[in-house]
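*Asks:* Have a look at this one.
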Amino acid sequence: MNKKFAQVIIDNKSSSTDKPYTYLIDSDLVELVEEGMRVLVPFGLGNRVVKGIVIKIEENYFGSHKLKKIIDVIDDKPLISKDLIDLSIWMSEKYLSPYIDAFKAVLPPGDFKEVKTNILLEEVHDDIYNTLDTLEKSVVTIIHNNKGKIELGELKEQMNNRLTNKIIRQLESKGILTTSMEIQTSIEPKYEKYVYLKNRFNSREELNQKIGKRSYKQLEIAEFLFDKGEIPLKELMMEVNSSISTIKSMEKKGLIQIVNREIFRSPIKEDISPYKKHELTLEQRNCFDTIMDHINRNQSSKFLIHGVTGSGKTEIYLQLVEEMINKGKESIVLVPEISLTPQTVQRFVGRFGDRVAVLHSKLSYGERFDQWRKIREGKVKIAVGARSAVFAPFSNLGLIVIDEEHESTYKSSMNPKYDTLQVAEKRCDQFGSTLVIASATPSVESYYRSIKGEYKLLNLKKRIMNRELPFVKIIDMREELNSGNKSIFSKELYEAIEENLKDNKQTILFLNRRGHSTFVSCRQCGYVVKCNKCSISMTYHLKENRLKCHYCGLAISPPNICPVCKSKYIKYFGIGTEKVEEFTKRLFPNAVVKRMDLDTTSKKGSYESILNNMKEEKIDILIGTQMVAKGLDFKNVTLVGIIAADTSLNLPDFRSPERTFQLITQVAGRAGRGDFEGKVIVQTYNPEHYSIQLAQEYNYLAFYNKEVLIRKEFNYPPFTNIISIIIYGEDVKRVIIKSKEFYKILINNLKQINLIDFVDNIIGPFPAPLERIKNNYRYQIIIKCKNEYLDKLKTAIEWVFIYNRYKVDVTGIKFNIDINPNSIL
DNA sequence: AGCACGCCGACT
DNA sequence: GTCGGCGTGCTC
């Protein structure tokens, strides 16, 4: 008997069922099931039928479970290829992520269980039809009677024959059928379960009578619902600390109703004009040739392009991609989310037209699925997108480009908490393809690796057309203050803006903080308005006249009198982009001033409209956050002002000098991109800090050399790995007790496996720098560990925190484990 | 997530 | 005793 064994991942987001389950593939299915296909399997004591995905097929089974059989196979082709399956398994191990989350990253967007296969009938001539066997004929007839198109599941139902998938494949190879995937997202929006009391009770007394004293838990829930009305099921379970079974039995009794409510989402669209090919400069050509030379000699290689801002890196990517197309290979181009919207995408779509798939966060599930399907079915050759585009399901991948590789958005903060650079390396290894990463300010880690020879370093030192990098002037704001200037503009910046306006040139003002005032405080007693769910001061937003929490979104009206001491001396401190806008408009009443940050670009198309106005020179002064720092290319911008270079410098994170250096360099790069010289004015209270000084000189190498020494001395990446474990929950006392308990268990475990002496450092548990977010108290343990012991350490962490082998009661406690996180805040 | 098993308290 | 609620543990 020909039988095989399949490892199946079942989607039910509970950590205890997140592992491969082995099922028997009976002889009648053995030829139909492939890795990457979805199957129906019996699961649990009640053998309920669930959908799962086959990740491995083996000839033998040596385990001791009595195996159940796969009921049926859903797909006629694998949803994902073998290399993406391997990649997911690799990710779940590398980043300690649940399998199901790692697989969701590579599976079609949306709910993979809802993917349908459509079968389309081509024209069939009688002479061909007559060569078919009976079963094949009946398939053709069924589809014909269904207007030439049918969904696979429905066809199988009508055929009522195990071999349907096989027949389809035969007919497909004869060119009689074609198949195509579809997902029903436009009519299947996202839902969440809500609970409410069935409206039969007028009073508590009536409730008590109906339920009876015995079911005190039910009574508690009912009373809770009586007060609250409708509430999400998850929240209810949290609030009353009850299990689902209690709630379900109440539903059975008809006391409560559980309903699905839709959660909203929205799409956007854009128009794009052609972008013609540019002649490469000598430097660009050298860089391009070196890469192509390696590719042509079939040496799979990794390159780091260190190119100053405005050196024309995008044109190099474009031409590399073109070469790939000529070789019949596909390319993935990754850009940070923020610069994704118009400019880079316009260039790719402008040059390659419908051979480009664009993936970004503003697509709806349906749109995203369409892009995914185009890639999967080989209809496009290039995928341009944010970090998740690294999973684009190409089958003959030749090149991955990562633009602005230093950007923090390349590290995911959700499961799987992957680092896009590492994933890209892995994919390139799988396909033998080329990896090109590039930045004007490479991350210390990447540059270190290029020095060690893991990446081949390519330099672009000149801007195109030999334009000069803009002159950077540092203004010591302490001196401004001493000379009596309390304004947010130094004298020098003010005069420069004034002059720029006179010359009809454009100005960009950068401040990495949105809102109007960053905190509101009482001058009498020092009280600061804080979010009542997060340990963070609230930012005042002028336009809406509200105080907002930038972590949880809570908005309240600003107080007129101090809630503590009742004084009316409430003052607004700190500057945000909104206040900069207000001041700028007041000081330059004749200038057209626009602000670009999260608050002004949340509406559909508003980002594009601001950029277009900027391009058409309808805006004199553009004020913005991070958004203006990346990739924007306006020829008429000659002045860039950095309002406060210190905001990113004083954060308690080892990467803050690096961030500051990168930010200043990137923002400065926005000036002088046209025929006119650019100027940058940096305002700071720390003018002597090395990251500001060296950014002024555009001296990346000196910055790197200094920074890498510090990293070595204090043992930070790239010399070690940092693992952050955050233990959080709503009950502070429990969080503290549990984090101490887990810390002890972890230490004991590490002692047992003789690892404790090899782990560089374990600190904690201490309150996380952001001690409270969205009502959760957060305690943190930070572990440093060299590469060679990392795997052992991860196993220990998995054992203690994820599998919870020590059976610690973890009700109300959650963990967030991040390996080499972006920041340790 | 869903299902069964077994403990335990309240009522006959 | 016995009925029913509620927590616990397992799912190839």
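The values are calculated or read from the model by the stated rules, or taken from the named source; none is laboratory data. All of these numbers come straight from a predicted model, not from anything done at the bench. Because the Cβ atoms are built from the backbone with ideal geometry, glycine has one as well, and the counts that use them run over all protein chains shown.
*Asks:* For the range A:317-350, name all the residues that are modelled with pLDDT under 95 and more than 30 Å from A:Thr625 (Cα to Cα).
*Replies:* none
*Asks:* Another question, then. I'm trying to understand the selection: among the residues of the range A:423-445, which are within 22 Å of the chain's Cα centre (by Cα) and not in a helix (DSSP H, G or I)? It would help to see each step written out before you state the result.
*Replies:* Going through the range A:423-445, the residues within 22 Å of the chain's Cα centre (by Cα) turn out to be A:423-428, A:435-439, A:441-445.
Across the range A:423-445, the qualifying residues are A:Leu435, A:Val436, A:Ile437, A:Ala438, A:Ser439, A:Thr441, A:Pro442, A:Ser443.
Rundown of residues vs (1) surrounded by fewer than 22 Cβ atoms within 10 Å (Cβ to Cβ); (2) under 16 Å from A:Val580 (Cβ atoms); (3) out of contact with any Ser or Thr (no Cβ under 9 Å at 6 or more places or on another chain); (4) among the charged types (D, E, K, R), yes/no style:
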| residue | (1), (2), (3), (4) |
| --- | --- |
| A:Ser487 | yes, yes, yes, no |
| A:Lys502 | yes, no, yes, yes |
| A:Arg523 | yes, no, no, yes |
| A:Cys531 | no, no, no, no |
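*Asks:* Limited to the range A:730-760, what total is found for residues that are outside any helix (DSSP H, G or I), under 18 Å from A:Val800 (Cα atoms) and within 32 Å of the chain's Cα centre (by Cα)?
*Replies:* Residues that pass the stated criteria total 1.
*Asks:* Need the failing condition index for A:Ile400 against (1) crowded, with 24+ Cβ neighbours inside 10 Å; (2) out of contact with any Leu (no Cβ under 6 Å at 6 or more places or on another chain), just the number.
*Replies:* Condition not satisfied by A:Ile400: (2).
*Asks:* Let me ask you something else. Collect the residues in the range A:351-372 that are in a helix (DSSP H, G or I), modelled with pLDDT of 90 or more and crowded, with 18+ Cβ neighbours inside 10 Å, keeping them in residue-number order.
*Replies:* Across the range A:351-372, the qualifying residues are A:Arg351, A:Phe352, A:Gln371, A:Trp372.
*Asks:* Looking at the range A:204-254, what helices (runs of 4 or more DSSP H) fall wholly within it and have at least 1 residues that are more than 8 Å from DNA strand C (Cβ to nearest atom) and exposed (fewer than 12 other Cβ atoms within 10 Å of the Cβ)? Give the steps one after another, and end with the answer.
*Replies:* Numbers: elements: A:204-211, A:216-228, A:233-240, A:244-252.
Because the criterion is at least 1 residues that are more than 8 Å from DNA strand C (Cβ to nearest atom) and exposed (fewer than 12 other Cβ atoms within 10 Å of the Cβ), the helices (runs of 4 or more DSSP H) in the range A:204-254 that meet it are A:204-211, A:216-228, A:244-252.
*Asks:* Can you confirm whether A:Gly764 is closer than 25 Å to A:Tyr551 by Cβ and modelled with pLDDT under 95?
*Replies:* yes
*Asks:* Just to check your reading of the model, which residue among A:Glu688, A:Glu677 is farther than 27 Å from A:Asp633 by Cβ and in a loop (DSSP other than H, G, I, E, B)?
*Replies:* Only one candidate passes the filter, namely A:Glu688.
*Asks:* Checking A:Phe43 against (1) under 20 Å from A:Ile80 (Cβ atoms); (2) within 16 Å of DNA strand B (Cβ to nearest atom): exactly one of these is not met. Which one?
*Replies:* Single failed check for A:Phe43: (1).
*Asks:* Right, another one. Given the criterion touching a helix residue (DSSP H, G or I) at 6+ places or on another chain (Cβ under 8 Å) and touching a residue at least 60 places away in the same chain (Cβ under 8 Å), identify the matching residue among A:Ile55, A:Ile9.
*Replies:* Going through A:Ile55, A:Ile9 in turn, the sole match is A:Ile9.
*Asks:* Follow-up. Of all residues in the range A:761-792, which are loosely packed, with under 14 Cβ neighbours inside 10 Å and either part of a strand (DSSP E or B) or touching a His at 6+ places or on another chain (Cβ under 7 Å) (or both)?
*Replies:* A:Asn761, A:Ile763, A:Phe766
*Asks:* Continuing with this model, one more query. For the range A:293-311, which positions are more than 20 Å from A:Tyr448 (Cα to Cα) and under 26 Å from the mean Cα position of the chain (by Cα)?
*Replies:* Of everything in the range A:293-311, just one residue is more than 20 Å from A:Tyr448 (Cα to Cα) and under 26 Å from the mean Cα position of the chain (by Cα), namely A:Thr309.
*Asks:* A follow-up question, please. Take the residues of the range A:49-69 that are basic (Lys, Arg) and under 34 Å from the mean Cα position of the chain (by Cα): which is nearest to DNA strand B (Cβ to nearest atom)?
*Replies:* Going residue by residue through the range A:49-69, those that are basic (Lys, Arg) are A:51, A:56, A:66, A:68-69.
With under 34 Å from the mean Cα position of the chain (by Cα) added as a condition, the list becomes A:51, A:56.
Numbers: A:Lys51: 13, A:Lys56: 22 Å.
Top of the filtered list is A:Lys51.
*Asks:* Looking at A:Val564, is it of a type in the set (A, V, I, L, M, F, W, C) and buried (at least 16 other Cβ atoms within 10 Å of the Cβ)?
*Replies:* On the way: of a type in the set (A, V, I, L, M, F, W, C): yes; buried (at least 16 other Cβ atoms within 10 Å of the Cβ): no.
Against the criterion (of a type in the set (A, V, I, L, M, F, W, C) and buried (at least 16 other Cβ atoms within 10 Å of the Cβ)), A:Val564 does not qualify.
*Asks:* Restricting the range A:793-809 to residues that are surrounded by fewer than 16 Cβ atoms within 10 Å (Cβ to Cβ) and over 24 Å from the mean Cα position of the chain (by Cα), which is nearest to A:Glu407 (Cα to Cα)?
*Replies:* Within the range A:793-809, the match that is nearest to A:Glu407 (Cα to Cα) is A:Thr795.
*Asks:* When the residues of the range A:625-664 are narrowed to those that are within 15 Å of A:Phe510 (Cα to Cα) and among the basic types (Lys, Arg), which ends up farthest from the chain's Cα centre (by Cα)?
*Replies:* Only one residue tops the list, namely A:Arg659.
*Asks:* Pick from A:Gln218, A:Gln209: which is modelled with pLDDT of 75 or more, within 15 Å of DNA strand B (Cβ to nearest atom) and of a type outside the set (A, V, I, L, M, F, W, C)?
*Replies:* Numbers: A:Gln209 fails: modelled with pLDDT of 75 or more.
So the residue among A:Gln218, A:Gln209 that is modelled with pLDDT of 75 or more, within 15 Å of DNA strand B (Cβ to nearest atom) and of a type outside the set (A, V, I, L, M, F, W, C) is A:Gln218.
*Asks:* Are there any pairs, at least 6 apart or on different chains, whose C-beta atoms fall under 7 Å, with the first in the range A:752-772 and over 20 Å from A:Tyr716 (Cα atoms) and the second assigned to a loop (DSSP other than H, G, I, E, B), and if so, which?
*Replies:* A:Leu770/A:Ser535; A:Leu770/A:Ile536; A:Leu770/A:Leu825; A:Glu771/A:Ser535; A:Arg772/A:Cys534; A:Arg772/A:Ser535
*Asks:* Another question, then. Condition first: under 27 Å from A:Glu798 (Cα atoms), away from DNA strand B (no atom under 16 Å from the Cβ) and not hydroxyl-bearing (Ser, Thr, Tyr). Now tell me which residues in the range A:6-34 satisfy that.
*Replies:* Across the range A:6-34, the qualifying residues are A:Ala6, A:Gln7.
*Asks:* Go through the residues of the range A:70-80 one by one and say whether even a single one is in contact with an Asp or Glu (Cβ under 6 Å, 6 or more places away or on another chain), touching a residue at least 60 places away in the same chain (Cβ under 8 Å) and more than 16 Å from DNA strand B (Cβ to nearest atom).
*Replies:* There is no residue in the range A:70-80 that is in contact with an Asp or Glu (Cβ under 6 Å, 6 or more places away or on another chain), touching a residue at least 60 places away in the same chain (Cβ under 8 Å) and more than 16 Å from DNA strand B (Cβ to nearest atom).
*Asks:* For A:Glu498, all conditions in the list (1) in contact (Cβ under 8 Å) with a residue 60 or more places away in the chain; (2) out of contact with any Asp or Glu (no Cβ under 7 Å at 6 or more places or on another chain); (3) surrounded by 17 or more Cβ atoms within 10 Å (Cβ to Cβ) hold save one; what is the number of the exception?
*Replies:* Result: A:Glu498 fails condition (3) only.
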